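Have a look at the structure below before the remarks.
Readers should treat all values here as calculations from the given coordinates under stated rules, not as data from a laboratory. Remember, predicted model here, so these are calculated numbers, not experimental data. Cβ coordinates were reconstructed from backbone atoms using ideal geometry, including for glycine residues, and neighbour counts include every protein chain displayed.
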Amino acid sequence: MEGQEETTGNGEECQTQNGESKGKQKEGGGEDEEMVVDGGMEDWNGFISGGTALYEAEEGDVAAEGRSGEPVTPQHVLRLNSYTKEYLCSPEDNIYSVNFSRFKIRDLGSGAVILDIKKHSPTEIQDVIELDTSRFIQYHFSPAFLALREIGATLEFTVGSKALKRFRLIERHFFRNLLLKTFDFEIGFCIPHSRNTCEHIYCLPDLEPETVEEMIANPFETRSDSFYFVNNKLIMHHKAEYSFTPQRHMDTSRE
């Protein structure tokens, strides 16, 4: 069956931490530094997203990752106080055959494309669960990424024979036990056998200089969990780690 094309596009204004609308930045940070990503073209997680206020996890907060036999809900993952140690669902839970085919990040200030990962997307959309696709990736960006204020993230994906109702993505980004940002977006309804594209615009959170220095000095201690829900049921869980070390240092370490 030939795949039907469905394209969705939504934009959100950046919000400051008190909820007030914040204007677009005209000057993008780090235009003279290259930003790259490590990892195979077919192995990628969700995207760097906008954020909430920084939050230091403390003992007594919700830390459990889910009890055996109990469903993982959006409310539960929103209360997790750290990056998860284990996956909270299995690849077989993706009964809707959601497959990602492209992920792009661009700096809205300069227009520069920071990341563009594409995967072969067949014309015919079938009910295939890609069990061999890695759910984990390590990204390497230059320190200039941490100076960006506004980015656009484009996501392309296909859906199998089951419609997606209330398709929702929740991302949680941490540096060690410090919650940097939470992204919670309801993509909505996607028809069966469809190809879908959406771009969203986000402001990155303001970070304390000391935090930025620590994130640069400690590669891959910045991590994220991406939780994908359909009708409040978790169907996919991806993980990522991030390095913001200058590329020349990475090159030296590999010699």
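Computed from phi, the 3J(HN,Hα) profile of the range 160-173 under the Karplus parametrisation 6.51, -1.76, 1.60 (θ = phi - 60°) reads x, 7, 9, 5, 9, 10, 6, 6, 9, 10, 10, 10, 10, 10 Hz, with x in place of Gly and Pro.
Each pair of Cα atoms in the range 72-214 enters the Kirkwood radius, and Stokes-Einstein at 37 °C and 0.692 mPa s then converts it into a translational diffusion coefficient of 190 µm²/s.
Taken along the Cα-to-beta-carbon direction at a fixed 7 Å, the label points for Arg79 and Glu213 span 3.7 nm. Packing, as the average of other Cβ atoms within 10 Å across residues, places the peptides 188-194, 233-239 in the order 233-239, 188-194, highest first.
With a threshold of 23 Å on the Cα-Cα distance, the over-threshold entries among Lys162/Lys239; Lys85/Lys233; Lys118/Lys165; Lys85/Lys162; Lys119/Lys233 are Lys162/Lys239; Lys118/Lys165; Lys85/Lys162; Lys119/Lys233. A straight chain from Glu92 to Asp116 at 0.36 nm per residue would run longer than the Cα-Cα distance by 5.9 nm.
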